[in-house]
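First comes the structure, then the notes that go with it.
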Amino acid sequence: MKKGPLYSIFASKCPKCNLGDLYVDNNPFHLRKLGDMHKNCSCCGQVYEPETGFYYGAMYVSYGVSILLMFIPAAILYFGFNAQFPTLLATVLGIYVLSFPLVFRWSRNIWLNIFVRFDPELKQKLSSHAV
Ligand SMILES: [Zn+2]
């Protein structure tokens, strides 16, 4: 995958260097550690929580991502297969519950990526130092 904001969001890597892990446990389905983040990037030192309550804003992102994830399959079922309301409701709730850990992390990652820019040269500098 090409490095940059999308890589950072889906691989849960540092938005600045794309090298350090954002979360203590990389598997979002280990629910007990779902929100446990490192304080800084282990590679470039980027702070992951720039200010107290920073991730409250991720709730808005989460709302949008959830709506998209639920709306698209519901629309396909409704318009493509003429599904009835109970089927749509069960599908949408199922998707919501199963994708919750992913949506939670993607939202935080998106939110952090809005405020922290990817620096490709920094990554090169850091990789050359690591060797
Ligand atoms: Zn970093």
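The values are calculated or read from the model by the stated rules, or taken from the named source; none is laboratory data. The shown structure was predicted, so the numbers you read here are calculated from the model rather than taken from an experiment. Glycine gets a Cβ as well: all are built from the backbone with ideal geometry, and neighbour counts include every protein chain shown. Surface areas here come from the heavy atoms of the whole protein model, side chains and all, with no ligands, DNA or RNA. Shrake-Rupley method; radii C 1.70, N 1.55, O 1.52, S 1.80 Å.
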**OP:** For the chain, find the longest principal axis of its Cα atoms and tell me its angle to the long axis of helix 120-130, 0 to 90°, nearest 10.
**Re:** 60 degrees
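Kindly report the accessible area of the range 5-130 per residue (heavy atoms of protein chains, probe 1.4 Å, no ligands, DNA or RNA), in Å².
On the way: 7970 Å² over 126 residues.
That works out to 63 Å² per residue.
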Original post:
Expressed as a whole percentage, what fraction of the accessible surface of the range 5-130 belongs to carbon and sulfur atoms when a 1.4 Å probe is rolled over the protein heavy atoms?
Top reply: 65 percent
**OP:** Compute the long axis of helix 58-75 from its Cα atoms, compare it with the longest principal axis of the Cα atoms of the chain, and write down the angle in degrees, 0 to 90, nearest 10.
**Re:** 40 degrees
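How large is the dipole of the chain about the Cα centre if only Lys and Arg carry +1 and Asp and Glu carry -1, each at its Cβ, rounded to the nearest 20 debye? Could the numbers behind the result be given before it?
Numbers: 12 positive and 7 negative charges, 53 e Å.
That gives the chain a dipole magnitude of about 260 debye.
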**OP:** Go ahead and estimate [θ] at 222 nm for the chain from helices alone: -39,500 (n - 2.57) per DSSP H run with n ≥ 4, summed, over the residue count, rounded to 500.
**Re:** -17000 deg cm²/dmol
**OP:** Specify the angular offset, from 0 to 90 degrees and rounded to the nearest 10, of the alpha carbon long axis of helix 85-115 from the longest principal axis of the alpha carbons in the chain.
**Re:** 20 degrees
Original post:
Do any trypsin sites (Lys or Arg not before Pro) in the range 1-107 lie in a loop, going by DSSP, with at most 10 other beta-carbon atoms within 10 Å of their beta carbon, and if so which?
Top reply: Lys2, Lys39
